[in-house]
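The values are calculated or read from the model by the stated rules, or taken from the named source; none is laboratory data. Computed from a predicted structure; not experimentally measured. Neighbour counts run over all protein chains shown; Cβ positions are idealised from the backbone, glycine included.
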Amino acid sequence: MVKLVHYLIVGVLLGGALGYWLLKPSGGNPMAEPRAAEAMALVQTHQAIGAPTIRQAIDERVRSIESQGRGVRVGEWRVQQEQGPFYLVRVVVREEGERTQWFEREYLWRADTERKKVVPLSLHAELIMPVRAETRQLPNLGPSP
């Protein structure tokens with residue numbers, strides 16, 4: 001009887017592991033795809049204001065906050081495929097404010113791996129990138145009065 005219970009428990013565990021393996025979200029590591037890795041590299045190595053690259057600009061901001069004695073946490077850099085050659089690249093930086101309140105700055109870019117372009121999609125991402133004609137386009141509102 002005891003052996004039967006042991007076999008039953010092992011069977012349930014194996015069945016659960018098999019079920020998890022079959023139903024787990026697909027994708028795994030998005031950086032395993034070469035174009036996703038290229039999109040991440042395009043963003044991280046893009047020219048920034050006050051630093052040679054975007055990655056260095058964010059790292060410098062983190063060091064500056066830490067030197068003021070405030071807490072700061074940099075989240076994981078993430079990449080997500082959109083349609084075709086377009087990828088979203090994001091990183092969230094959590095900063096300690098006054099009275100131990102924390103707030104987040106989301107940096108978000110769209111990377112075009114065909115044209116090798118990076119477009120900022122969030123205000124914080126835009127503030128660390130130099131303004132260029134191809135990245136900033138004003139809407140066509142028609143003739144002005």
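The number of residues in the stretch 87-112 being in contact with a Leu (Cβ under 7 Å, 6 or more places away or on another chain) and either without any contact (Cβ under 8 Å) to a residue 12 or more places away in the chain or among the basic types (Lys, Arg) (or both) comes to 2. Counting residues in the stretch 56-70 that are in contact with a helix residue (DSSP H, G or I) (Cβ under 8 Å, 6 or more places away or on another chain), of a type in the set (A, V, I, L, M, F, W, C) and at pLDDT 90 or above gives zero. The residues of the stretch 59-109 that are closer than 16 Å to Glu38 by Cα and in contact with an Asp or Glu (Cβ under 7 Å, 6 or more places away or on another chain), listed by number, are Pro85, Phe86, Leu88, Arg90. Residues that are among the basic types (Lys, Arg) and more than 15 Å from Ala111 (Cβ to Cβ) were ranked within the stretch 42-86; the one that is farthest from the chain's Cα centre (by Cα) is Arg70. Of everything in the stretch 21-36 that is surrounded by 10 or more Cβ atoms within 10 Å (Cβ to Cβ) and modelled with pLDDT under 85, the residue that is nearest to Pro85 (Cα to Cα) is Glu33.
The rows are residues; the columns are (1) among the aliphatic types (A, V, I, L, M); (2) farther than 16 Å from Val119 by Cα; (3) surrounded by 15 or more Cβ atoms within 10 Å (Cβ to Cβ).
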site: Ile9; (1), (2), (3): yes, yes, no
site: Leu14; (1), (2), (3): yes, yes, no
site: Gly19; (1), (2), (3): no, yes, no
site: Gln47; (1), (2), (3): no, no, no
site: Ala51; (1), (2), (3): yes, yes, yes
site: Arg70; (1), (2), (3): no, yes, no
site: Arg73; (1), (2), (3): no, yes, no
site: Trp77; (1), (2), (3): no, yes, yes
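Applying the condition of being buried (at least 16 other Cβ atoms within 10 Å of the Cβ) and aromatic (Phe, Trp, Tyr) to the stretch 87-119 and asking which residue is farthest from the chain's Cα centre (by Cα) yields Tyr87.
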